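Working notes, beginning with the structure itself.
The values are calculated or read from the model by the stated rules, or taken from the named source; none is laboratory data. Bear in mind that the values here come from a model prediction, so they are computed numbers and not experimental data. Counting neighbours? That spans all protein chains shown, and the Cβs are built from the backbone with ideal geometry, glycine included. The accessibility values were calculated without ligands, DNA or RNA, using every heavy atom of the protein model including side chains. Shrake-Rupley method; radii C 1.70, N 1.55, O 1.52, S 1.80 Å.
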Protein chains: 2
Amino acid sequence: MKKFINSIDTLLDESLLGFSKAHANIIQLNAQPHFVSRINPPKQGKVALISGGGSGHEPLHIGFVGSGMLDAACPGQIFTSPTPDQMLAAAQAVESGGGVLFIVKNYAGDVMNFEIASEMLDCPNATVLVNDDVSLPKTHSTGRRGVAGTLIVEKIIGAAAENGADLATLKTLGDRVNDATASMGVALSSCTVPALGKPTFEISDTEMEMGVGIHGERGHETVKLTSATEIIDQLASVINDDLKPKKNQSVLLHVNGFGATPLMELYLIYDLAAQFWQNRGITIARSLVGNYTTSLDMAGCSITLTILDEELLRLWDAPVHTASLRWGC
Amino acid sequence: MKKFINSIDTLLDESLLGFSKAHANIIQLNAQPHFVSRINPPKQGKVALISGGGSGHEPLHIGFVGSGMLDAACPGQIFTSPTPDQMLAAAQAVESGGGVLFIVKNYAGDVMNFEIASEMLDCPNATVLVNDDVSLPKTHSTGRRGVAGTLIVEKIIGAAAENGADLATLKTLGDRVNDATASMGVALSSCTVPALGKPTFEISDTEMEMGVGIHGERGHETVKLTSATEIIDQLASVINDDLKPKKNQSVLLHVNGFGATPLMELYLIYDLAAQFWQNRGITIARSLVGNYTTSLDMAGCSITLTILDEELLRLWDAPVHTASLRWGC
């Protein structure tokens with residue numbers, strides 16, 4: 001295993017410390033239990049938005065704490081759910097009279113722990129469950145996983161929360177964005193979890209993993225590596241069949257790198273995905289290309305499509321000032 | 001070789017097309033010859049800033065075209081200098097009466113081709129040569145290489161150009177930023193150039209390449225992989241001995257990923273580097289952490305330090321609106 005680390009036990013702490021020093025103008029780190037929150041307390045009455053999940057997906061979620069997006073994020077150990085006491089401490093730190101909205105990716109541990117925190121919290125609260133990964137059928141036993149669409153949910157309801165929307169409105173809006181969003185990924189290599197010290201799965205030099213998850217979960221199919229056009233057509237077709245965008249509808253197209261795939265390839269993938277939907281009469285109104293929901297050092301990418309209406313477009317465009325997403329302010 | 005490509009011959013074109021579609025609100029792509037320029041023409045009399053170099057280092061330089069930074073960038077083939085006709089066409093497209101300043105990384109091909117373009121150009125022009133890589137001695141036959149410090153030169157003179165500084169002032173300022181900047185890198189793996197189809201150098205599972213270049217050039221030493229603290233202390237010591245920042249001086253600390261190293265590790269590296277200089281009484285006034293000057297899919301990082309004075313700090317903080325660096329607007 002070749003990584004820049006001192007010890008597996010201190011990796012997360014050291015990394016969070018570096019993150020908090022590098023972005024001290026935006027966020028602060030609470031050490032015990034771990035959570036990241038804005039340095040400026042939220043306006044009185046604003047709904048507090050809190051997300052979290054296993055670490056190893058940076059910048060998700062800590063990189064999205066700041067004005068116009070999250071109020072706090074709870075990082076768990078690598079690929080491990082954060083604990084209810086993290087969520088509770090974060091909620092108590094940032095709740096400002098408007099209640100708390102949790103944004104939770106659909107993984108059993110995350111769902112359970114956020115549920116416990118929700119029950120322990122003595123203020124109004126609700127949860128938006130993100131399950132945008134269409135590589136699994138809707139009927140899958142634990143449901144679909146939450147992947148790169150999560151940041152789109154966080155950005156859009158973050159903007160609405162900043163504008164003063166109440167808890168019920170934000171919960172409805174979050175569910176609506178989730179329903180309008182579909183993602184699918186492909187891996188060319190596995191990631192290596194530091195505590196394991198070896199790749200999570202074996203894959204040959206001529207194969208790829210279609211429908212891979214963001215924790216190095218195997219996808220639904222190991223297939224022969226083929227041309228970028230064929231790969232992207234496959235991913236986009238599954239997304240398109242699920243989401244069924246209509247001709248002339250506007251969409252947000254997000255090409256996400258898993259960590260080890262160069263930007264040069266991500267832009268090529270973006271071009272192919274954009275062509276796929278443009279050929280179907282869809283308007284690519286907004287784009288986001290880069291490493292946003294990563295899986296440690298996995299080579300691969302995911303494509304996410306969100307169908308936009310005027311409200312969602314306006315909220316996407318609203319100012320955001322976080323470590324990893326910044327515009328309009 | 002596992003990459004998302006259709007063919008080696010079309011990779012760059014397809015990638016640039018995707019880049020230009022994804023950022024059509026900021027830049028435009030000229031197809032023949034290749035250059036990227038701002039969609040808004042520069043103000044009359046503004047000095048035009050143009051950079052360029054081999055592709056494979058994205059977002060450098062195309063991601064830094066936009067308000068407050070470059071006017072145009074010329075991407076060569078992968079790890080290959082752009083040609084003089086690209087530079088000349090870019091210069092003719094963006095020159096607005098204030099002359100042209102070329103920002104050139106110190107590689108023989110880049111230096112030669114920018115020199116030819118400079119001679120062919122029939123307007124006042126000057127060149128800032130960036131040579132921040134202190135892994136090579138100052139007496140090295142071709143001089144020191146230009147690496148991740150380049151974006152700091154581009155950002156700072158970009159801000160001054162936007163404020164109306166003239167060609168001579170910008171040339172002096174660019175040289176001053178270059179002199180105040182030192183970088184050094186380490187690789188844990190080689191990159192794979194698509195046209196070669198195999199890693200540029202072989203390195204065992206227990207070794208690293210200290211002082212590596214951004215094209216997969218071997219460093220000055222292949223050594224045993226050790227703890228992150230020891231690695232960063234080594235890099236920082238070489239930089240510190242070269243630049244000799246004084247106690248209480250303010251610096252910009254830039255931790256750059258080469259492409260395949262996760263953000264989680266880059267923040268850990270940032271923490272260690274920040275400690276190194278804080279322990280020596282240096283003030284880390286500004287920070288930048290992420291993949292900015294990459295080397296395709298190489299795992300590794302570089303550290304860059306720039307000694308700031310009030311003017312450089314103000315110019316670094318000035319608004320910038322490019323695909324990959326954005327604040328204050």
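Is it the case, given these coordinates, that A:Leu272 is more than 7 Å from chain B (Cβ to nearest Cβ), not in a helix (DSSP H, G or I) and not hydroxyl-bearing (Ser, Thr, Tyr)? So A:Leu272 does not fit the description; no. Checked against the criterion of being over 16 Å from the mean Cα position of the chain (by Cα), under 22 Å from A:His57 (Cβ atoms) and away from chain B (no Cβ under 14 Å), segment A:174-189 contains not a single residue that satisfies it. Among the residues of segment B:180-224, those identified as open to solvent by less than 40 Å² (accessible area, probe 1.4 Å), of a type in the set (A, V, I, L, M) and either in contact with a helix residue (DSSP H, G or I) (Cβ under 8 Å, 6 or more places away or on another chain) or farther than 30 Å from B:Ile156 by Cα (or both) are B:Ala180, B:Ala182, B:Met184, B:Val186, B:Leu188, B:Val193, B:Ile203, B:Met208, B:Met210, B:Val223.
Residues A:Ala126, A:Ala117, A:Ala108: which one is surrounded by fewer than 19 Cβ atoms within 10 Å (Cβ to Cβ) and touching a Phe, Trp or Tyr at 6+ places or on another chain (Cβ under 9 Å)? Going through A:Ala126, A:Ala117, A:Ala108 in turn, the sole match is A:Ala126. Might you check whether a residue that is open to solvent by 10 Å² or more (accessible area, probe 1.4 Å), within 27 Å of B:Cys191 (Cβ to Cβ) and within 15 Å of the chain's Cα centre (by Cα) occurs anywhere in segment B:63-74? Taking every residue of segment B:63-74 in turn, none turns out to be open to solvent by 10 Å² or more (accessible area, probe 1.4 Å), within 27 Å of B:Cys191 (Cβ to Cβ) and within 15 Å of the chain's Cα centre (by Cα). The residue that is surrounded by the most Cβ atoms within 10 Å (Cβ to Cβ), counting only those in segment A:275-325 that are without any contact (Cβ under 8 Å) to a residue 12 or more places away in the chain and within 14 Å of chain B (Cβ to nearest Cβ), is A:Gln275.
Is it the case that some residue within segment A:241-252 is within 13 Å of chain B (Cβ to nearest Cβ), in contact with a strand residue (DSSP E or B) (Cβ under 6 Å, 6 or more places away or on another chain) and within 22 Å of A:Gly56 (Cβ to Cβ)? No, segment A:241-252 contains no residue that is within 13 Å of chain B (Cβ to nearest Cβ), in contact with a strand residue (DSSP E or B) (Cβ under 6 Å, 6 or more places away or on another chain) and within 22 Å of A:Gly56 (Cβ to Cβ). Residues satisfying the criterion are present in segment A:155-165 (criterion: open to solvent by less than 50 Å² (accessible area, probe 1.4 Å), closer than 27 Å to A:Lys43 by Cβ and part of a loop (DSSP other than H, G, I, E, B)).
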